[in-house]
Amino acid sequence: MTSPTDAPDKSAAAADTLRGGPRRGRVRTGFGRGVPLPLLVPALLGLAFLVLPLIALLVRTPWHSLPDQLTSPEVWQALKLSLLCATAATAVSLVIGVPLAWLLARVEFPGRGLVRALVTLPLVLPPVVGGVALLMALGRNGIVGQWLDAWFGVTLPFTTAGVVVAEAFVAMPFLVISVEGTLRAADPRYEEAAATLGASRFTAFRRVTLPLIAPGIAAGAVLAWARALGEFGATITFAGNFPGRTQTMPLAVYLALQSDPEAAIALSLVLLAVSVAVLAGLRDRWMTAS
């Protein structure tokens, strides 16, 4: 005999059947319901693998001498140069990366998939290879660098400007991917409405599209800035490691590790704090559970 409380369940099941099956949703399993051991053990090992090195860094930090380490002229010099170059690289990425993301998201043209693959290539390219490629292109004898040197007297390798170029090369794809994804999610009908009111495509982009995608631009800029701040391989290959001119924080960590491990740990702690701050700033975008 069917109870009255069973009727809503049957009605819901019938409605799901008419719709083609039950609604799909996320299956959540609490510890109370039991977690399969073959999944739990590798998950805990993976968590330990990622977290244990960070804990070890905190445990081995020389807290008693940390203030002296962080206030030394060498550290401040490297930190100031890192912040300056990372900010300049992010600005360069914004100026040329946002239009590139708009082109990939809004314009249909032959070979767009290939262009997107080339844009994202620095994400998977070994940074040292990126530095070598920059040398071949923008070095004094590079295919472009030789003309920059001959015509304008501009030499980029082993200069502070070279650090900015190397960091922008590896960081800009993060911005482009973020902005392109935001553009694809934005409703293009707003731009079409602006066009019907007589706005040019650039005016619609400036007055309508930019405000819509501002959160995506901000998130991409923060990611690009953090990536530029931590860049090592392309920087040391293309710009060298000269204190006060091209020695950024990651390079200073590498150099200090060979002679003063405590200083290397202190510098690493600064970069760890910056990384945590970036994650905290992007928590609503990347860490919100739904």
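The values are calculated or read from the model by the stated rules, or taken from the named source; none is laboratory data. For clarity, every value in this text was computed on a predicted model and none was experimentally measured. Because the Cβ atoms are built from the backbone with ideal geometry, glycine has one as well, and the counts that use them run over all protein chains shown. Protein only, heavy atoms only, side chains kept; ligands, DNA and RNA dropped before computing areas. Shrake-Rupley method; radii C 1.70, N 1.55, O 1.52, S 1.80 Å.
Structure summary
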read-out: 0 to 90° range, to nearest 10: angle between helix 6-18 axis and the chain longest Cα axis; value: 60
read-out: 0 to 90° range, to nearest 10: angle between helix 112-124 axis and the chain longest Cα axis; value: 60
read-out: Extent along principal axes [Cα atoms of the range 92-214; Å; largest to smallest]; value: 51, 31, 27
read-out: Cα-based equivalent ellipsoid of the range 135-290: semi-axis lengths in Å, sorted from largest, via gyration tensor; value: 36, 26, 9
read-out: Radius 13 Å from Cβ of LEU103, net charge of other residues (Lys, Arg +1; Asp, Glu -1); value: +3
read-out: FRET efficiency estimate (nearest 0.05) - Cβ-Cβ, ARG245 to ALA56, R0 30 angstrom; value: 0.40
read-out: Relative contact order of the range 185-257, defined on C-alpha pairs under 8 angstrom at six or more residues apart (%); value: 20
read-out: Cα-Cα separations in the range 215-286 greater than 19 Å, expressed as whole percent; value: 43
read-out: Environment charge at LEU267 (Cβ cut-off 11 Å; Lys +1, Arg +1, Asp -1, Glu -1); value: -3
read-out: The range 46-194: relative contact order in percent, alpha carbon pairs under 8 Å with at least 6 residues between; value: 33
read-out: Cα long-axis angle, helix 37-59 against the chain (0 to 90 degrees, to the nearest 10); value: 30
read-out: Hz values of 3J(HN,Hα) by residue in the range 231-239 - Karplus curve (6.51, -1.76, 1.60), Gly and Pro given as x; value: 5, 10, x, 5, 5, 5, 7, 8, 10
read-out: Taking the convex hull of Cα positions in the range 74-146, its mean projected area over all directions (nm²); value: 6.9
read-out: Relative packing of 201-214, 222-235, 250-263, 57-70, which averages over residues the other C-beta atoms within 10 Å, highest first; value: 222-235, 250-263, 201-214, 57-70
read-out: The chain, dipole about Cα centre (Lys/Arg Cβ +1, Asp/Glu Cβ -1), debye to the nearest 20; value: 820
read-out: For the range 209-250: Kirkwood Rh in Å [reciprocal of mean 1/r, alpha carbons]; value: 12.0
read-out: Distance between the range 100-127 and the range 134-174 - C-alpha centres, whole angstrom; value: 21
read-out: Accessible-area composition of the range 161-290, carbon plus sulfur, in percent [1.4 Å probe]; value: 66
read-out: Mean separation of Cα contacts under 8 Å (6+ apart) over length of the chain, as relative contact order %; value: 25
read-out: Contour excess over end-to-end distance, with Cα ends at THR87 and ALA195 and 0.36 nm allotted per residue; value: 35.4 nm
read-out: Prolate/oblate/rounded label for the chain (Cα gyration tensor, a/c 1.5); value: oblate
read-out: Farthest positive-ward along the chain dipole, Cα basis, beta-carbon charges - from LEU45, SER65, VAL129; value: LEU45
